[in-house]
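Visitor: Would you mind keeping the following structure in view while I ask a few things?
The values are calculated or read from the model by the stated rules, or taken from the named source; none is laboratory data. Predicted model only: the values in this text are computed from it and were never measured. The accessibility values were calculated without ligands, DNA or RNA, using every heavy atom of the protein model including side chains. Shrake-Rupley method; radii C 1.70, N 1.55, O 1.52, S 1.80 Å.
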Amino acid sequence: MIDHTGFLVSDPMKSRAFYDAALAPLGYRVLMEVPTEHTGGRVVLGYGEPPKPDFWVAEGPPNEPRVHIAFRAASHAQVDAFYKAAIAAGGKDN
């Protein structure tokens, strides 16, 4: 069983704005911000549903090869809301 996962992003503030908006319909929000004094100055954000973050976004060179992560949704309506929020936040449909 997987406990948590995540990936690296080159622009953590832009990524935070995107994930804050896109993940909100799924009930996800930032639950933990690791202080930069513990990360060598890098931004590290833990998203999830309370009480535990399970999706991490950290500042660094983007992962190569790219990573695929899927989020669980309780309904088709929740999937549609996530999709619309992600597109409105600047996401692209591949």
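Visitor: What angle do you read, to the nearest 10 degrees and between 0 and 90, between the alpha-carbon axis of helix 76-88 and the longest principal axis of the chain?
Guide: Once rounded, one gets 60 degrees.
Visitor: Among DSSP beta bridges whose residues both lie in the chain, state the antiparallel percentage, nearest 5. Walk me through the numbers before you get to the answer.
Guide: Details: 11 of 16 bridges.
The antiparallel fraction comes to roughly 70 percent.
Visitor: Sticking with this one: For Tyr83, Tyr28, write out the residues from largest to smallest accessible area, computed with a 1.4 angstrom probe and no ligands counted. Provide the component values of the computation, followed by the final result.
Guide: Details: Tyr83 110, Tyr28 35 Å².
Reading off the accessible areas and sorting them downward yields Tyr83, Tyr28.
Visitor: Here is a follow-up. Stretch Arg66-Asp11 to full length: gain in nm at 0.36 nm per residue minus the Cα-Cα span? Walk me through the numbers on the way to the answer.
Guide: Working: separation 55, 0.36 × 55 = 19.80 nm, distance 1.58 nm.
Additional length available on full extension: 18.2 nm.
Visitor: Let me ask something additional. If the cut-off is a Cα-Cα distance under 18 Å, which aspartates and glutamates reach Lys92, setting aside same-chain residues fewer than 8 apart in sequence?
Guide: Hits, sequence-local ones excluded: Asp11, Asp20, Asp80.
Visitor: So, one more: Determine the relative contact order of the chain: mean sequence separation of Cα pairs under 8 Å and six or more apart, normalised by residue count, in whole percent. Show your work: numbers first, answer last.
Guide: Working: 140 pairs, mean separation 34.0, N = 94.
Reported relative contact order: 36 percent.
Visitor: Would you mind estimating how fast the chain diffuses translationally, via Stokes-Einstein at 4 °C and 1.567 mPa s with the Kirkwood radius over Cα pairs, in µm²/s?
Guide: Working: Rh = 13.9 Å.
D = 93 µm²/s.
Visitor: May I ask you to compute the full-extension gain from Ala73 to Val34, defined as 0.36 nm times their residue separation minus their alpha-carbon distance, rounded to one decimal in nm? All intermediate terms of the calculation are to be shown ahead of the outcome.
Guide: On the way: separation 39, 0.36 × 39 = 14.04 nm, distance 2.66 nm.
Answer, rounded to one decimal: 11.4 nm.
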